[in-house]
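Report on one structure; see the data block that follows.
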Amino acid sequence: MLASPVAALAPRPTKNGISLAAWSLSNSFFRHNRWKNIDLPRICREELGVTGLEFVNQFFDFPMLSNLSKLKKAGSDYGIEFVLIMIDNEGDMAAVDRKERMEAARMHRKWVDIAQYLGCHAVRCNLGGPRENWKQDKDIVKRASESFRDLLDYAKQANLNVVIENHGRASSDPDVLVGLMKLVNDPNFGTLPDFGNVNPGDSQEEVTRKLVPYAKGISVKAMWRADGSHPFSLENCLKICMDAGYTGYWGIESSFGYERGRELAADVQWQNEVKGVKMTREVIERVVFKKS
């Protein structure tokens, strides 16, 4: 990796903007093959009206230098800032077996390299840990601190941040993530609070309130029902982040009228995804940017 000198604090965007979390378009990608990564900068600018892009590693098709160079050029051509890469399926960063979790940290490194080349400020990782009985796992913070410190040592050479999203189970317990932030205690380590990913019985607002002091990004998770209603207050969650002093990209990860197991025609699927993004963007514009 061509690395910049180690920095005490990796930079991140601090001016408010709106970004697309590419997962918002995941159904049209996986089910209908409607778009590829190279199309996302154009889609952001011309169809969705946002200025930032959050990649998902699962959407990269042969991330060779020639392809990455074309992607980088597309971002420049359409004036889109590449914010971060969301990393999934690269191992368990909190595995009980030390060899397994350290291997996961090494598997994440290639995405650090790609994020640096594309000009992102961060990679988003998952905590991992047990899928069952996670509440009884008293050592998860200690284990995860080891693998994340290893990844952070590598990411610092690229002047990148490492962030964790509350993504279900132990990671959606804000006390677990806050405990990890405090134990690792690294200026390049932070959270990516996701408004929607909370454990049953927990409050979206309370989880957001606990995670946002460590935020280096925000995932504005919106789950619009077909009638245009929403299961919780996006406005309240946005205001909590603003009151905590957060500025930066507000990442839209949305769905509209989604029903598990229901297959939609390609055009309908796409229209729903675009509608969900635009509805969420309008809420962010109204609350954060004070646009009527």
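For segment 154-175, a residue qualifies if it is of a type in the set (Gly, Ala, Ser), in a helix (DSSP H, G or I) and under 16 Å from Asn199 (Cα atoms), and the qualifying residues are Ala170, Ser171, Ser172. Does Val212 satisfy the criteria of being within 18 Å of Asp243 (Cα to Cα) and under 16 Å from the mean Cα position of the chain (by Cα)? The answer is yes for Val212.
One line per residue, one yes/no per condition, for (1) in contact with a strand residue (DSSP E or B) (Cβ under 7 Å, 6 or more places away or on another chain); (2) closer than 28 Å to Arg209 by Cα:
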{"position": "Phe59", "(1), (2)": "no, no"}
{"position": "Met64", "(1), (2)": "no, no"}
{"position": "Ser76", "(1), (2)": "no, no"}
{"position": "Val83", "(1), (2)": "yes, yes"}
{"position": "Met86", "(1), (2)": "yes, yes"}
{"position": "Glu165", "(1), (2)": "yes, yes"}
{"position": "Arg169", "(1), (2)": "no, yes"}
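Looking across Ile85, Ile80, one residue alone is crowded, with 21+ Cβ neighbours inside 10 Å, in contact (Cβ under 8 Å) with a residue 12 or more places away in the chain and more than 16 Å from the chain's Cα centre (by Cα). It is Ile80. Of all residues in segment 13-70, those satisfying the criterion of being polar (S, T, N, Q) and surrounded by fewer than 19 Cβ atoms within 10 Å (Cβ to Cβ) are Thr14, Asn16, Ser26, Asn33, Thr51, Gln58, Ser66, Asn67, Ser69.
A single member of Ala94, Ala105, Ala144 is touching a residue at least 60 places away in the same chain (Cβ under 8 Å) and either surrounded by 18 or more Cβ atoms within 10 Å (Cβ to Cβ) or over 23 Å from Ser28 (Cα atoms) (or both), and it is Ala94.
If the requirement is being of a type outside the set (Ser, Thr, Tyr) and free of Cβ contacts under 8 Å to residues at least 12 places away in the same chain, which of these qualifies: Asn166, Asn185, Asn126, Asn159? Within the list Asn166, Asn185, Asn126, Asn159, the selection yields Asn185. Figure legend. Inter-residue proximity from segment 62-73: first residues over 17 Å from Leu84 (Cα atoms) and among the basic types (Lys, Arg), second residues part of a helix (DSSP H, G or I) and at pLDDT 95 or above, beta-carbon distance below 8 Å, spacing 6+ or different chains. Indicated pairs: Lys70/Ile38.
Name the single residue, out of those in segment 232-249 being at negative phi and touching a residue at least 60 places away in the same chain (Cβ under 8 Å), that is surrounded by the fewest Cβ atoms within 10 Å (Cβ to Cβ). Across segment 232-249, the extreme among qualifying residues is Thr247.
A quick yes/no check of all residues on (1) assigned to a loop (DSSP other than H, G, I, E, B); (2) farther than 12 Å from Ile284 by Cα; (3) in contact with a Leu (Cβ under 7 Å, 6 or more places away or on another chain):
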{"site": "Met223", "(1), (2), (3)": "no, yes, no"}
{"site": "Ala226", "(1), (2), (3)": "yes, yes, no"}
{"site": "Ser229", "(1), (2), (3)": "yes, yes, no"}
{"site": "Leu238", "(1), (2), (3)": "no, no, no"}
{"site": "Tyr246", "(1), (2), (3)": "yes, yes, no"}
{"site": "Ser254", "(1), (2), (3)": "no, yes, no"}
{"site": "Tyr258", "(1), (2), (3)": "yes, yes, no"}
{"site": "Leu264", "(1), (2), (3)": "yes, yes, no"}
{"site": "Asp267", "(1), (2), (3)": "no, yes, no"}
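Close Cβ contacts (under 9 Å, 6 or more residues apart or on different chains) running from residues in segment 280-292 that are touching a residue at least 40 places away in the same chain (Cβ under 8 Å) and over 19 Å from Lys15 (Cβ atoms) to residues that are in a helix (DSSP H, G or I) and of a type outside the set (Lys, Arg) comprise Thr280/Ser24; Thr280/Leu234; Val283/Leu234; Val283/Glu235; Val283/Leu238. Checking each residue in segment 182-193 for being out of contact with any Ser or Thr (no Cβ under 7 Å at 6 or more places or on another chain) and not hydroxyl-bearing (Ser, Thr, Tyr) picks out Lys182, Asn185, Asp186, Pro187, Asn188, Phe189, Gly190.
Restricting attention to segment 42-61, the residues that are out of contact with any Ser or Thr (no Cβ under 9 Å at 6 or more places or on another chain) and either free of Cβ contacts under 8 Å to residues at least 60 places away in the same chain or of a type in the set (Gly, Ala, Ser) (or both) total 7.
The values are calculated or read from the model by the stated rules, or taken from the named source; none is laboratory data. Worth saying up front: this structure is predicted, and the values here are computed from it rather than measured. All Cβ positions, glycine included, derive from the backbone under ideal geometry; neighbour counts span all protein chains shown.
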